[in-house]
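The values are calculated or read from the model by the stated rules, or taken from the named source; none is laboratory data. Computed from a predicted structure; not experimentally measured. Ideal geometry is used to build each Cβ from the backbone, glycine not excepted, and the neighbour counts take in all protein chains shown. These area figures cover heavy atoms from the full protein model, side chains too; ligands, DNA and RNA do not enter into them. Shrake-Rupley method; radii C 1.70, N 1.55, O 1.52, S 1.80 Å.
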Amino acid sequence: SLAFRALCCEGVCGSCAMNINGVNSLACVTYAAQVTTVGPLPNFPVVKDMVVDLKGFFKQYEYIRPFSRNVNLGRYHADSMYSRYVDACHALYGKPITSAGASGEVNTELAAYLTLLDDVVAAGDATKAVLVLRTIRAKGYVVDNEKAKAVLLEAEKNCAAKAA
């Protein structure tokens, strides 16, 4: 078996980067000849086969803060994520998604924010978790401070576990 990374298969994410025929390139968009030599990216510690450890790369990437120069910063705010969720529901189901609950309807806005919060905490991103909690509070929902602290501590714990 051969281990390698591949996520988008469209040449966008860069997860499939490897050394192909002596050139660092993306495997998902590189033409493979009859005889092709592949290897892991040079100058990166190898985890397994073609998978290299990218922790150092992402630490440097975070250090230069390329996201702060992005003109589309609004795309990453919780309000924007929720509106994209609603748009997707409209596109898929022709109406906002609702589920039957005790009162006949479930607050899908709050459910979407809580789902987003769960995903952000699982990813270990305490900064985005704070953003989602602030957005929930700004929308008029009551946020228990002790539970919010517990959520943020869990996000930090997940971040530390991923860094180790």
| So, of the residues in segment 46-59 that are open to solvent by 80 Å² or more (accessible area, probe 1.4 Å) and of a type outside the set (A, V, I, L, M, F, W, C), which turns out to be farthest from residue 18 (Cα to Cα)? | 59
| request: Among the residues of segment 109-158, write down those that are crowded, with 16+ Cβ neighbours inside 10 Å and within 21 Å of residue 59 (Cα to Cα). | output: 120, 121, 124, 125, 126, 128, 129, 155, 158
| open to solvent by less than 60 Å² (accessible area, probe 1.4 Å) and not in a strand (DSSP E or B): does that describe residue 15? | yes
| query | Among the listed residues 148, 123, 129, which satisfies the condition of being without any contact (Cβ under 8 Å) to a residue 24 or more places away in the chain and of a type in the set (Gly, Ala, Ser)? | reply | 148
